[in-house]
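The values are calculated or read from the model by the stated rules, or taken from the named source; none is laboratory data. A quick note: this is a predicted structure, and the numbers were derived from the prediction, not measured. Using ideal geometry, Cβ is built from the backbone for each residue, glycine included, and neighbour counts are taken over all protein chains shown. Heads up: the accessible areas ignore ligands, DNA and RNA and are worked out on the full protein's heavy atoms, side chains in. Shrake-Rupley method; radii C 1.70, N 1.55, O 1.52, S 1.80 Å.
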Number of protein chains: 2
Amino acid sequence: MSTEERLERAMRLCTGRGARLTPQRARVLRILIEAERPLGAYEILAEMAGGQRALAPPTVYRALEFLLAQGLVHRLETLNAFIDCRHPERPHPAQFLICSACGRVVEIDDEAIAARLLDAASQSGFAPSRKVVEVIGVCEGCR
Amino acid sequence: MSTEERLERAMRLCTGRGARLTPQRARVLRILIEAERPLGAYEILAEMAGGQRALAPPTVYRALEFLLAQGLVHRLETLNAFIDCRHPERPHPAQFLICSACGRVVEIDDEAIAARLLDAASQSGFAPSRKVVEVIGVCEGCR
DNA sequence: TACAAAACGTTATATTGTATCTTTTCGTCA
DNA sequence: TGACGAAAAGATACAATATAACGTTTTGTA
């Protein structure tokens, strides 16, 4: 799926929800899609500033906040970075494999892991709202 | 198990491994044990500075680095904070339930989750080195 | 005791993230 | 269509987290 197709899909999703994927927000999303790797907020900021008057951090953080809320991007806690989501249509358990050699990230959506985790949380009397699962390792290509 | 017992256990573990749990490091560990909740590095720093000449951030970060390497504390990625480990005797899968209301954290060591995660990673040709599993939610007491 | 490695101190700075207030844009409705 | 209120974006300042670099002290050991 091309960058343009993804952006169009994102636009459709937002419109359908009454959310506004403004040019600014779409620009952040485009940068993340084209990067094909996780980017820090300040890396995005640098991309956006290219050739234009400099933007301030809150601009990027606000766009990211929106995109996260819409499920269009994910935040990688171990990297303090952001990556676009490949299946933003519906909520899904998101687990990430992060290669410490090349920096690439694979998103897997394993329902079994999510279910087991939910189960364990319930046993401890816990009502989960967000699950963070990140595996750091070395990918096939880097071994 | 009391604070003192835990500190003694930590000392035994380190001695047995040829690692040095120095007074400085033990002090950081004690602060984490007594806190009974996750602390940020700068919170630890503030505790240590109490009544004494001020210490600098690297002091705390270096102690934490040691304690993490020895498995005596864990880092909570979603909170940028640290918490003492309840079963430091041997390596174990560490999963955390983090209450967004009271801030308390429960460590669960669910081998099934770890195994399933390892399995999923392997299927993607991934060789894991570290697994981060953190569930944010509301604990029983807070509901 | 002398040496090398480990631990620690100190200063400075990098990186990541927010609070606050103002201005602009957008949708809606009289 | 023009005014109004809400949402978004701009701008400034700063808070919170983390590390680099380098010198000094301590420690274990030959």
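If the label for B:P91 sits 7 angstrom from Cα along the Cα-to-Cβ line, what are its distances to the same label in every other copy, in nm to one decimal, shortest first?
Distances between equivalent label points, in nm: 3.5.
Where in the stretch A:21-62 does the label zone of A:A69 land, with the point 7 angstrom along Cα→C-beta and an amide N cut-off under 13 Å?
A:21-22, A:62
How far is it, in nm, from the label point at B:R104 to the one at B:D119 when both lie 7 Å from their Cα along the line to the Cβ?
3.2
Relative contact order for chain A using alpha-carbon pairs under 8 Å, separation at least 6, rounded to a whole percent?
Details: 165 pairs, mean separation 28.0, N = 143.
Computed over chain A, the figure is 20 percent.
Which of B:Q70, B:Q123, B:Q95 moves the most in a Gaussian network model of chain B with Cα springs under 10 Å?
Result: B:Q123 has the largest fluctuation of those listed.
Considering only protein heavy atoms and a 1.4 Å probe, what is the carbon-and-sulfur percentage of the accessible area of the stretch B:65-143?
Numbers: 1780 of 3640 Å².
Whole-percent figure for carbon plus sulfur exposure: 49.
If I take the rotation axis that carries chain B onto chain A, which residue of chain B has the nearest beta-carbon, and at how many angstrom?
So the closest residue, with its distance, comes out as B:E77, 2.
With a probe of 1.4 Å, find how much accessible area the stretch A:68-143 has per residue, and write the answer as a whole number in Å².
Details: 3490 Å² over 76 residues.
On a per-residue basis, the stretch A:68-143 sits at 46 Å².
Let me confirm one metric for peptide A:104-116, namely the mean number of other chain beta-carbon atoms within 10 Å of its residues' beta-carbons. Don't jump to the answer; show the numbers that get you there.
Working: counts 0, 0, 4, 0, 6, 1, 5, 0, 6, 7, 1, 1, 7.
Partner-chain Cβ atoms within 10 Å, mean over residues of A:104-116: 3.
As an exercise, identify the GluC sites (Glu not before Pro) in the stretch A:55-143 lying in DSSP coil whose Cβ has no more than 13 other Cβ atoms within 10 Å. Spell out each step's value before the answer.
Values: sites: A:E65, A:E77, A:E89, A:E107, A:E111, A:E134, A:E140; in loops: A:E77, A:E89.
Hits after loop and neighbour filter: A:E89.
Can you give the FRET efficiency for B:H92 and A:R53, using 1/(1 + (r/R0)^6), R0 = 41 Å, r = Cβ-Cβ distance, to the nearest 0.05?
0.20
Starting from the Cα gyration tensor of the stretch A:58-99, take the square roots of the eigenvalues, sort them a ≥ b ≥ c, and report rounded, prolate or oblate (rounded when a/c is under 1.5, otherwise prolate if a/b is larger than b/c, else oblate). Walk me through the numbers before you get to the answer.
Working: a/c = 2.54, a/b = 1.14, b/c = 2.22.
Verdict is oblate for the stretch A:58-99.
Sort B:R6, A:R37, A:R143 by heavy-atom solvent-accessible area, probe 1.4 angstrom, most to least.
Details: B:R6 35, A:R37 105, A:R143 165 Å².
Largest accessible area first, the residues go A:R143, A:R37, B:R6.
Report, for the protein assembly as shown, the % of DSSP beta bridges that are antiparallel, rounded to 5.
Numbers: 29 of 39 bridges.
Antiparallel bridges: around 75 percent, rounded to the nearest 5.
Scan the stretch B:29-108 for trypsin sites (Lys or Arg not before Pro) in coil per DSSP, keeping those whose Cβ has at most 10 other Cβ atoms within 10 Å, and list them by number. Don't skip to the end; give the middle numbers.
Values: sites: B:R30, B:R53, B:R62, B:R75, B:R86, B:R104; in loops: B:R53, B:R86, B:R104.
Taking the stretch B:29-108 and a limit of 10 other Cβ atoms within 10 Å, the loop trypsin sites (Lys or Arg not before Pro) found are B:R53.
Give me the accessible area buried between chains B and A, both sides summed, with a 1.4 Å probe, in Å² rounded to the nearest 100.
Values: alone 8810 and 8810 Å², together 14880 Å².
When B and A are taken together, about 2700 Å² of accessible area is lost.
Which one, A:L67, A:L79, A:L32, has the greatest fluctuation when you compute a Gaussian network model over chain A with C-alpha springs under 10 angstrom?
Top of the fluctuation ranking is A:L79.
Antiparallel DSSP bridges in chain A: what percent, to the nearest 5? The partial results should precede the final answer.
On the way: 9 of 14 bridges.
Looking only at bridges with both residues in chain A, the antiparallel portion is about 65 percent.
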